[in-house]
Amino acid sequence: MDSICSPEMPRRAFLAAIAAGLLTAPLVVEAQPAVTVWRIGYLDPFALTFGTPQTLKRALGERGWVEKRDYVFEGRWADREPERLREFAAELVRLKVNVIVARGIEAAVAASRATRDIPIVFVDVADPVGSGLVGSLARPGANVTGLASVAGETAAKQLGFLHETLPRISLVDVLWVGMTQPDAAVNKDIEETGRRLGIALRSILVTDQGGLQRALSALSQGPPGAALVYADELESGYFQTLGRFAGERRLPIASNAVALTWFGGLMSYSRSLAEEWERAAEYVLRIRKGERPVDLPVQQPTKFELVINLKTAKALGLTIPPSLLQRADQVIE
């Protein structure tokens, strides 16, 4: 076979072949771009104690994403210091992350104020429209979208489940764990349910471990009733203390925290956290593929889980109605 530079090939044809090669080479490179590693920023108002990042990473892994190969994770936890959220949000912007996953309204607002360009996916925000975070659920606007929670509805159902189990109950103490004031939307729904069921409510704020001990002391002064604990899932340090107190005082506790039920609470009812992080991971991947937050509607929970601790019920001398047991997603025996 003759080589391309053989004397038989006309010089003009040889130059044309070289030119054609130079023109087509960049097209081949452009059609097959190098895969870039994405930088995922994570902003959380709490301390790293409950494994939320692992839940998100697991959801990404189930969709084929491998850490350090397909993405790097830049996590920042403010440990209940709001000013650090602003600092961390600005830091993630300086790191030029490709997306920010923000947990809770404070983190989401801090991220949205820090950037109008980097996509933001929020989770666990009770009222994203009312808070001004997004324009509407269907069309969030700007660079922000995510997963809204429905805390008020679930808390009201927790009170209803207590009433089903204790139909004669007339007073329920509501412990707002880790809050300086009751959540307005949640409190409204609970109060409306309490009035409908003829249950008086007493709010007790628990901002720290000292506040928890004062709350338990206050509960010890009155006759045993029931309690509704509205707490952030990350407040796991309180759960063992609350569970032990419930056993000693024979106090039925309903909560939005599944972990508290494992530590001796009577029952919990809350949105599925696994579903929440799976959806967040899905939005991150869709944004990676080129979709814009403005075109991704804010989603609301579709899956809720009722967990009943039957062992606690027996220790308290309570009989869980069969209709309630049938609705339970999980029964601890």
Next item on the list: For R202, indicate whether it is of a type outside the set (D, E) and without any contact (Cβ under 8 Å) to a residue 12 or more places away in the chain.
Entry: no
Next item on the list: Filter region 51-90 down to the residues that are among the small types (G, A, S) and more than 18 Å from the chain's Cα centre (by Cα), then identify the one that is modelled with the highest pLDDT.
Entry: A90
Next item on the list: Evaluate the following for E191: is it within 20 Å of F304 (Cα to Cα), acidic (D, E) and surrounded by fewer than 22 Cβ atoms within 10 Å (Cβ to Cβ)?
Entry: no
Notebook entry, point to check: Among the residues of region 137-156, how many are without any contact (Cβ under 8 Å) to a residue 60 or more places away in the chain and over 17 Å from the mean Cα position of the chain (by Cα)?
Noted result: 1
Notebook entry, point to check: Out of (1) in a helix (DSSP H, G or I); (2) modelled with pLDDT of 95 or more; (3) in contact with a Ser or Thr (Cβ under 7 Å, 6 or more places away or on another chain), what's the single condition that is false for A111?
Noted result: (3)
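Which one is surrounded by the fewest Cβ atoms within 10 Å (Cβ to Cβ) among residues in region 91-108 that are over 15 Å from the mean Cα position of the chain (by Cα), part of a helix (DSSP H, G or I) and of a type outside the set (A, V, I, L, M, F, W, C)?
Out of the qualifying residues, it is R94.
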Check: Exactly one of (1) out of contact with any Lys or Arg (no Cβ under 9 Å at 6 or more places or on another chain); (2) crowded, with 22+ Cβ neighbours inside 10 Å is unmet by V206. Its number?
Finding: (1)
Margin query: Filter region 290-308 down to the residues that are over 21 Å from V129 (Cα atoms) and either hydrophobic (A, V, I, L, M, F, W, C) or at pLDDT 95 or above (or both) and list them by number.
Written below: G290, E291, F304, L306, V307, I308
Check: Which one is surrounded by the most Cβ atoms within 10 Å (Cβ to Cβ), of the residues in region 260-283 that are outside any loop (DSSP other than H, G, I, E, B) and without any contact (Cβ under 8 Å) to a residue 40 or more places away in the chain?
Finding: L260
Notebook entry, point to check: In region 129-148, which residues are on the phi < 0 side of the Ramachandran plot, surrounded by fewer than 24 Cβ atoms within 10 Å (Cβ to Cβ) and part of a loop (DSSP other than H, G, I, E, B)?
Noted result: V129, G130, S131, G135, S136, L137, A138, R139, N143
Next item on the list: Scan region 151-168 and give yes if some residue there is at pLDDT below 95, of a type outside the set (D, E), farther than 29 Å from Q221 by Cα and surrounded by 14 or more Cβ atoms within 10 Å (Cβ to Cβ), otherwise no.
Entry: yes
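The values are calculated or read from the model by the stated rules, or taken from the named source; none is laboratory data. Here the structure is a predicted model, which means the values were calculated and not measured. Cβ: placed from backbone, ideal geometry, glycine included. Neighbour counts: every protein chain shown.
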